[in-house]
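Single-structure report; data block below.
FYI, it's all coordinate maths here, none of it is from the lab. Nothing here was measured: the structure is a model prediction, and the numbers come from that model. Cβ sites come from the backbone with ideal geometry, for glycine too, and all protein chains shown count toward neighbours.
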Amino acid sequence: MDIRTSATTRLTDAQRIDWLRLIRSDNVGPRTFRSLVNHFGSARAALDRLPDLAQRGGAARVGRICTQAEAEREIENSRRIGVALLAPGEYGYPPRLALIDDSPPLLGVRGVLNVQTQPMIGIVGSRNASGAGLKFAQTIARDLGNAGFAIASGLARGIDQAAHRVTLDTGTVAVLAGGHDKIYPAEHEDLLAAIIASGSGAISEMPLGHGPRARDFPRRNRLISGVSLGVIIVEAAHRSGSLITARFANEQGREVFAVPGSPLDPRAAGTNDLIKQGATLVTEAADVINAVQPIMGRPVELPMSEPEDGRPVDDEPAASDRARILNLLGPSPIGIDDLIRMSDVSPAVVRTVLLELELAGRLERHGGGMVSLL
């Protein structure tokens, strides 16, 4: 049941350094990274233009640009602890993760890479799980593992750790909110060591030394759903982080599975609501397998990587075009396609202005191609 990719990528050492410098620079996230490389033809060309773009976007001062020495040091330090920084399409980068809009340009992968090419199912749920919830998570994770699936989860207390522990022998992937050397919670350092020793792996998009903050957990959750064919929510209260994972799964076109629970238990309120909203009710592994079976044999078409010619695109917006686009933007999200239509300027110019604003720290990107001013 291996997922086979239809394209492969291999960055040169110089490209890997340029990619790392760009993604580690201020105000450059995965979507901005992709826009910059597509617009200027290469990460190197984009790095050269960052100061100018930020100033044109109204930045009071130019954000920090990661230096070559910093990037080389991160690559070397990562290598020392067994972490490979991989681009989409390189062996060991989960193929389905490469398909999401905000896939990490470089993903830190630690452990045996084969498990990353197994079909994956995400399992997440309450940190303060009930005994019944823990038992069900263990049962369904074990059954899916025995059926050939790897299990992805977030190394958290409760449901996550239960799913990891029973699938050490069949394949499990820990998706980290912090850097590979900043494990949260610290009490699960032994669990992560067991995952690596068992032949499975861990992934993170964060640099070494980065301790997870509250806002990093939703970012982590999109990776759990991104690597997976579908995500099982075992227990989740209202406003739970697990519901954020379910939302990401929906946006990414993944299957969402929910385990029903007692209406009297607040830990089941979120999962029961998901079922009302159309999530697939799950009581056994067969429910999951039957739902994902039709899509498992399809090849994964990976997006193209950095163009070989590296030729920049020069679309200097006119002052009138920039003003028109800015006038249409506000705190409420608007679709980029709508922005292009309403502004009556070329898509390339709109994208350039959005890049300027984002690098100046004035733009927020939302799911579904929506943007707003900060």
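Relative to the compact-globule estimate of 2.2 N^0.38 Å, the Cα radius of gyration of segment 175-231 comes out at 1.12.
The length gained on full extension between ASN77 and ALA60, counted as 0.36 nm times the residue separation minus their Cα-Cα distance, comes to 2.8 nm.
If every alpha-carbon in segment 314-374 counts as one equal scatterer, what log10 I(q)/I(0) does Debye give at q = 0.14, 0.30 1/Å? So the normalised log intensities work out to -0.31, -1.52. Rounded to the nearest 20, the Cβ-based charge dipole of segment 29-179 about its Cα centre (Lys and Arg +1, Asp and Glu -1) stands at 300 debye. Note on the chain: with a GNM built from Cα contacts shorter than 10 Å, the maximum mean-square fluctuation among ASP101, ASP190, ASP216 falls on ASP190.
Computed about the Cα centre, the dipole magnitude for segment 97-164 is approximately 320 debye when only Lys and Arg (+1) and Asp and Glu (-1) carry charge, each at its Cβ.
Volume per residue for segment 173-300 equals 137 cubic angstrom (convex hull of Cα atoms). Note on ARG31 and ARG165: their simple-model spin labels are 3.9 nm apart, each label 7 Å out from Cα toward Cβ. Within segment 1-97, the proportion of C-alpha pairs whose separation exceeds 23 Å stands at 31%. Each Lys and Arg contributes +1 and each Asp and Glu -1, all at the Cβ; summed about the Cα centre of the chain, the dipole is approximately 580 debye.
Rounded to whole Å, the principal axis extents of the Cα atoms in segment 118-246 read 36, 36, 26, largest first. Distance between the C-alpha centres of segment 325-358 and segment 169-191: 40 Å, rounded to the whole angstrom. Per residue, the convex hull spanned by the Cα atoms of segment 63-105 amounts to 90 cubic angstrom.
Can you give the alpha-carbon Rg of the chain over 2.2 N^0.38 Å, where N counts its residues? If you can, show how the numbers build up before the last one.
Details: Rg = 21.2 Å, N = 374, 2.2 N^0.38 = 20.9 Å.
Rounded to two decimals, the normalised Rg is 1.01.
Size of segment 53-195: Rg and Dmax of its alpha carbons, in Å, are 18.0, 57. Fully extending the segment from GLN277 to ARG157, taken as 0.36 nm per residue of separation minus the present Cα-Cα distance, adds 40.5 nm.
What FRET efficiency, computed as 1/(1 + (r/R0)^6) with R0 = 41 Å and r the Cβ-Cβ distance, is obtained for HIS238 and ALA14, rounded to the nearest 0.05?
Values: r = 49 Å, r/R0 = 1.20.
The computed FRET efficiency comes out at 0.25.
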